[in-house]
1. Go through the range 203-281 and name the GluC sites (Glu not before Pro) that are in a DSSP coil and have 14 or fewer other Cβ atoms within 10 Å of their Cβ.
2. Starting at 0 and stepping by 5 Å, how many percent of the alpha carbon pairs of the range 3-108 end up in each bin?
3. From the Cα gyration tensor of the range 119-320, with a ≥ b ≥ c the square roots of its eigenvalues, which class applies: rounded if a/c is under 1.5, or else prolate if a/b is larger than b/c, or else oblate?
4. Per residue of the chain, what 222 nm ellipticity follows from adding -39500 (n - 2.57) for every DSSP H run with n ≥ 4, rounded to the nearest 500?
5. Treat the count of other C-beta atoms within 10 Å as a stand-in for reagent exposure and order D324, D316 from fewest to most.
6. Which of the lysines could a cross-linker bridge to K250, judged by Cα under 22 Å and excluding same-chain residues fewer than eight apart?
7. Could you line up M133, M194, M259 from fewest to most neighbouring Cβ atoms inside 10 Å?
8. What do you get for the angle between helix 183-195 and the principal long axis of the chain? Use alpha-carbon atoms, 0 to 90 degrees, nearest ten.
Amino acid sequence: MANLDVSIADVRLKAPFRISGRTFQSAPVVKVRFERNGFIGRGEASGVYYMGDTPQNAAEVLTRIAGALRADITREELRAVLPAGGARNALDCALWELESREQDQPVWSLAGLPAPRRLLTTITLSAEDPLTMANSAIEASFAKALKLKLTGEVDLDIERVRAVRSVRADVWIAVDANQGYEPATLGPLLPVLMDCGVSLLEQPFKRGAEAQLEGLSLPLPVAADESCLNLAELETLPGRFDVVNIKLDKCGGLTEGLMMARRAEELGLKVMVGNMMGGSLSTAPGFVLGQLCDVVDLDGPFFLAEDPAPRVSYADGHIWCPPDVWGPRASPH
């Protein structure tokens, strides 16, 4: 029987964070410690809020299966035990770290990847009034890429985009509608996105309304976030989306995330890695996946009031995850 410890932590944000239809006040996560033969692997997950997948639910699932979980379970076997979501993500990532410690190899090596490089990452701007967003863009002066949260309020969104571009002519910009638009309301926004040099439009329509993208001639690439949760749903994207945003909380861990990135390339899709809220331990597995990605959005720790050391760092628009955050060289347990 496995020695599995499950807990929940509620981490404070520096400030409330607003997206279409929701404002986050804090960043609750489920934490997992899996012990085997004197080695400990750790994982952390936020879940998928819009699917009702909360850290509390994940903790209940993991606690329920702990008694029947074999100590020698593999990551491949775990995919058959738990569905995609936060519970599997936390445990899958713990198994990656456990394996890396048992074999004294970094996770990137176990994944068949070259030594990691620092990654250019977007910094996301909460959906506030245009002046506040412009000021936030100025404050994030180190950022070389920004992602603007939009809400589907067309006139206000237009002013948000214009305000940010007016103060940051130098940055790459994406906008994320979080399902806030419909074909009729999207039309007036598109010319402004092009005039302001926006490079990516993420999740304009609701999950379940993906067919509305068919036949639309959009002037910039469109990314699927809520419309693609896992490897199976990836097959529905070609012809509708150009990019897939892979989040480990959605797909259930780094194991499936790597499978998705490689399959997306086969399907001719660009790959983006994103995160829900969470600290450096949540972000470290995404940093490994990010080595395969065209767009990186790993800014979760940037918004936390507290992020225990060791932690990821942000500088010159890039994120770097030191080896001691997660893996065989992590701090002794």
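Every number here is computed from the coordinates shown, using simple stated rules; none is lab data. Predicted model only: the values in this text are computed from it and were never measured. Quick reminder, even Gly has a Cβ in these numbers, built from the backbone with ideal geometry, and neighbours come from all protein chains shown.
1. Working: sites: E210, E214, E226, E233, E235, E256, E265, E266; in loops: E214, E226, E235.
The qualifying sites are E214, E235.
2. 2, 12, 22, 23, 16, 11, 7, 5, 1, 0
3. Working: a/c = 1.84, a/b = 1.04, b/c = 1.78.
Since a/c reaches 1.5 but b/c is at least a/b, the shape of the range 119-320 is classed as oblate.
4. On the way: 11 runs with 110 residues, N = 333.
The helix contribution divided over the chain gives -9500 deg cm²/dmol.
5. Values: D324 13, D316 10.
In increasing order of surrounding Cβ atoms, one gets D316, D324.
6. K31, K147, K149, K206, K270
7. Values: M133 22, M194 11, M259 16.
The fewest-first ordering by Cβ neighbours comes to M194, M259, M133.
8. Helix 183-195 sits at roughly 80 degrees to that axis.
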